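Asker: Sending over a structure as structure tokens; questions will come in a sec.
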Amino acid sequence: MKLTAGMALPRRKTSEKLLMGPGPSNVSARVLSALGEPIIGHLDADFLDIMTETKELLQYVFQTENELTLALPGTGSAGMEAAWANTVLPGDKVIVCVHGVFGQRMTDVASRYGAEVIKVESPMGKPIDPEMLAAAIKANPDAKIVGIVHAETSTGVLQPMDEIAKLTHDAGMFLLVDCVTSLGGVEVPVDKLAFDMTYSGTQKCLNCPPGLAPMTVSKPMADWIRARQIPVKNWYLDLNMIMRYWGEDRFYHHTAPINMIYALNEALRIILEEGIEKRWERHWANARRFWGALEAMGMKLVVEEKYRLPSLTTYYTPDGVNEAAVRNYLMDKYKIEIGGGLGELKGKIHRVGLMGVNSDPARMALFIAALGDALKAQGCKCDVNAALDIING
Ligand code: PLP
């Protein structure tokens, strides 16, 4: 269509879909309505109040008393970029644990800021073995930071963090953690395990549209950033300036994405109303039933149960089944979105998110019935009733 002046285009509408992929997840009407509240100035006293409250709510969801807790403009990747941009000086040695695509991405980001990256790797679908990290620390006692993904969205692994945190701190290094797919769904033990730099995204277990990167920084890490002599190489994500905008003096750095902050504020209030511990329990209980249901249908799950991530489940698609055709069928017939594999798992697995509002037995049952139908269309019969019995308890 050729656009000409004076044309009135019909309003674009999208229809509601069930977003059970790796994100974005569905957003409640309350959050969408907060997004549509009237815009006000980014230094307006009312907006500053909303920022302050949003910071307190983020401290609650992160379970931290870190003073430097805020939401950066940009998606989860802005959090990853800011985490490395602020903490690395050219030539610094850092250790990055890679157990999937997002850990691999961390190595790329850190090296772009001049870090010498030492990789600790494990195969996709397995967590990082703390003994391998211990060996890397021993061989590189001059490394400054250990970076790791808590919830690997490319595989569905929830990385146990106790030993990783202990090894890092015993060696006097900073711990940098990606919790994009864990925050708001499973516990992110920021203060308990003294994470130094932690970031997330809004569109997963927080059930908010994509567009902000919640972040929290420990006091030792924040002091280090304040004292660094070489300016942060990324002006937009320089925490030394941004912390002043979120702090006492409200120094202008960038125009806050005002309506996105309203939305995040509302999404976090919903979490407070449920209670963060109850929310974690709900995610665990529903995920266990979901895993049982998939197994009852004959699916082989990618990750060993003790390392499975409740907010994102991965299973191998049965032999002879075209996994992309199943996803298309689910979308065309049921308006259900799920994800395919990334990296070496591409074409072999499905990734299904049970994030926030979608960690719900009714939605899980709908997905299981739809998946059974989609597999049947591919000539693969499964016991859907046995699976539904598990979901219905
Ligand atoms: N880190 C992890 C673990 C992720 O799952 C994602 C996105 O899925 C990102 C980082 C990047 O976040 P975004 O796509 O919001 O920029």
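Asker: Condition (residue is modelled with pLDDT under 95 and out of contact with any His (no Cβ under 6 Å at 6 or more places or on another chain)) applied to the stretch 336-359: is it met by at least one residue?
Answerer: Scanning the stretch 336-359, I find at least one residue that is modelled with pLDDT under 95 and out of contact with any His (no Cβ under 6 Å at 6 or more places or on another chain), so the answer is yes.
Asker: Which of the following residues is away from the ligand (no atom under 16 Å from the Cβ) and not in a helix (DSSP H, G or I): PRO127, PRO141?
Answerer: PRO141
Asker: Run down VAL188, VAL177 and say which single residue is aliphatic (A, V, I, L, M), in a loop (DSSP other than H, G, I, E, B) and surrounded by 24 or more Cβ atoms within 10 Å (Cβ to Cβ).
Answerer: VAL188
Asker: Shifting gears a bit: Among TYR315, TYR252, which is the only one that is under 25 Å from ILE128 (Cα atoms), more than 19 Å from the chain's Cα centre (by Cα) and outside any helix (DSSP H, G or I)?
Answerer: The conditions single out TYR315.
Asker: Restricting attention to the stretch 331-381, which residues are of a type in the set (Gly, Ala, Ser), under 22 Å from the mean Cα position of the chain (by Cα) and under 17 Å from VAL101 (Cβ atoms)?
Answerer: Scanning the stretch 331-381 gives GLY339, GLY340, GLY341, GLY343, GLY353.
Asker: Going by the structure shown, is PRO130 modelled with pLDDT of 95 or more and over 21 Å from VAL188 (Cβ atoms)?
Answerer: For PRO130, the condition - modelled with pLDDT of 95 or more and over 21 Å from VAL188 (Cβ atoms) - is not met.
Asker: Find the residue count for the stretch 208-220, including only residues that are part of a loop (DSSP other than H, G, I, E, B) and under 11 Å from the mean Cα position of the chain (by Cα).
Answerer: Count: 1.
Asker: Search the stretch 248-261 for residues being in contact (Cβ under 8 Å) with a residue 24 or more places away in the chain and over 30 Å from THR313 (Cα atoms), and hand back the single one that is surrounded by the most Cβ atoms within 10 Å (Cβ to Cβ).
Answerer: The residue in question is ALA256.
Asker: I'd like to know if the stretch 357-370 contains one or more residues that are outside any helix (DSSP H, G or I) and not aromatic (Phe, Trp, Tyr).
Answerer: Within the stretch 357-370, one or more residues are outside any helix (DSSP H, G or I) and not aromatic (Phe, Trp, Tyr).
Asker: Just a yes or no: is a residue in the stretch 107-125 among the aromatic types (Phe, Trp, Tyr), closer than 12 Å to ILE148 by Cα and at pLDDT 95 or above?
Answerer: Taking every residue of the stretch 107-125 in turn, none turns out to be among the aromatic types (Phe, Trp, Tyr), closer than 12 Å to ILE148 by Cα and at pLDDT 95 or above.
Asker: Name every residue in the stretch 144-158 that is crowded, with 23+ Cβ neighbours inside 10 Å, assigned to a loop (DSSP other than H, G, I, E, B) and of a type outside the set (Ser, Thr, Tyr), in order of residue number.
Answerer: HIS150, GLY156
Asker: Residue check, GLY275 against (1) buried (at least 17 other Cβ atoms within 10 Å of the Cβ); (2) without any contact (Cβ under 8 Å) to a residue 24 or more places away in the chain; (3) closer than 27 Å to GLY211 by Cβ; (4) not aliphatic (A, V, I, L, M), all met but one. Which one?
Answerer: Here GLY275 clears every test but (1).
Asker: Spot the failing condition for PHE102; the list is (1) in contact with a Lys or Arg (Cβ under 9 Å, 6 or more places away or on another chain); (2) within 16 Å of the ligand (Cβ to nearest atom), and only one is missed.
Answerer: If we test PHE102 against (1) in contact with a Lys or Arg (Cβ under 9 Å, 6 or more places away or on another chain); (2) within 16 Å of the ligand (Cβ to nearest atom), just (1) comes out false.
Asker: Let me confirm something: among MET241, MET260, which residue is within 16 Å of the ligand (Cβ to nearest atom) and in the same structural domain as ALA85 (by TED's automatic domain parsing)?
Answerer: Matching residue, one of MET241, MET260: MET260.
The values are calculated or read from the model by the stated rules, or taken from the named source; none is laboratory data. Predicted, not measured: the structure shown is a model, and the values here were computed from it. Cβ: placed from backbone, ideal geometry, glycine included. Neighbour counts: every protein chain shown.
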